[in-house]
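The values are calculated or read from the model by the stated rules, or taken from the named source; none is laboratory data. Quick caveat, the model's predicted, so the values are computed rather than measured. Positions of Cβ are generated from backbone atoms using ideal geometry, with glycine treated the same way; all protein chains shown enter the neighbour counts.
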Amino acid sequence: MPLEALSWRTEKRKVSDLIPWDHNPRRMTEKQAKDLEASLARLNLIDIPAIDTDGRIVGGHQRAQILMAMGRGAEEIDVRVPNRKLTEGEFVEANLRLNKNVGEWNTDELANFGEDILKTVGFTEGEVASFFDLEPAEEILLDQAVQLKPQREYAVIMCETEEEWDQLRVALNLKEVRRGGYRKGSQFDAIGTERVVRAERFLKLLEVAK
């Protein structure tokens, strides 16, 4: 008798009730685990695990493991469950496909995002450098703007009038720069007056002004 065609539905399960598959071939480096924990802490569970009808994890082992380590074992989360128990062959295929059939990055599109966000989500320095095709130094006509970093302390000076802005621009010696974090020639590339000044430079200007 042929098996019923597979379909999947979303149900709730406790994290602690999810059963890891002993032969799961996927593993994570320490950095990848830290990146995933940061993602779960900031954005919560976006990509939900898939399990068999008996609770055995098909895909999402690392998410379940990190959630347990974060003390969220008693929490109920959404999971994907099939309409019938998977055969062993279907289980193995599903596990491998979830980890392998994930496409590849369009590096031209990635280069349209800022370097900071790419590093925040886990791309390495080397990967980010390869996305941006940095030009030889002699071809760079303008510096890139300094980018605000939320994890740093900063103060904001707000101008109420154009006159104040003109005076501030002169006082701080603000330069024309390229928009920071984007590849030259991308749709987000632009030139304008710098809006972020490092504290070291500002404090030196204050010393000169004394």
(message) Would you confirm whether or not the range 98-106 contains a residue that is touching a residue at least 60 places away in the same chain (Cβ under 8 Å), in contact with a Gly (Cβ under 9 Å, 6 or more places away or on another chain) and over 14 Å from Trp21 (Cβ atoms)?
(response) no
(message) Being assigned by TED's automatic domain parsing to the domain that holds Gly59 and modelled with pLDDT of 80 or more is the requirement here; does Thr87 meet it?
(response) yes
(request) List every residue pair whose Cβ atoms sit under 7 Å apart, with the two residues 6 or more apart in sequence or on different chains, where the first one lies in the range 35-46 and is under 16 Å from Val15 (Cβ atoms) and assigned by TED's automatic domain parsing to the domain that holds Glu75 and the second, anywhere, is among the hydrophobic types (A, V, I, L, M, F, W, C) and buried (at least 16 other Cβ atoms within 10 Å of the Cβ). (result) Leu36/Ile66; Glu37/Ile66; Leu40/Ile66; Leu40/Leu67; Leu45/Ile77
(request) Within the range 63-111, track down each residue that is buried (at least 16 other Cβ atoms within 10 Å of the Cβ), touching a helix residue (DSSP H, G or I) at 6+ places or on another chain (Cβ under 8 Å) and charged (D, E, K, R). (result) Arg63, Arg72
(request) Identify, from the list Ile51, Ile19, Ile57, the residue that is surrounded by 12 or more Cβ atoms within 10 Å (Cβ to Cβ) and touching a Pro at 6+ places or on another chain (Cβ under 7 Å). (result) Ile57
(message) Just to be sure before I move on: is Gly73 touching a residue at least 40 places away in the same chain (Cβ under 8 Å), under 17 Å from Glu90 (Cβ atoms) and out of contact with any Phe, Trp or Tyr (no Cβ under 6 Å at 6 or more places or on another chain) in the structure I sent?
(response) no
(request) Assess whether Thr87 counts as being touching a strand residue (DSSP E or B) at 6+ places or on another chain (Cβ under 9 Å) and of a type in the set (Ser, Thr, Tyr). (result) no
(request) Please specify each residue of the range 22-42 satisfying the condition of being surrounded by fewer than 10 Cβ atoms within 10 Å (Cβ to Cβ) and either within 28 Å of Lys119 (Cβ to Cβ) or at pLDDT 95 or above (or both). (result) Arg27, Thr29, Glu30, Arg42
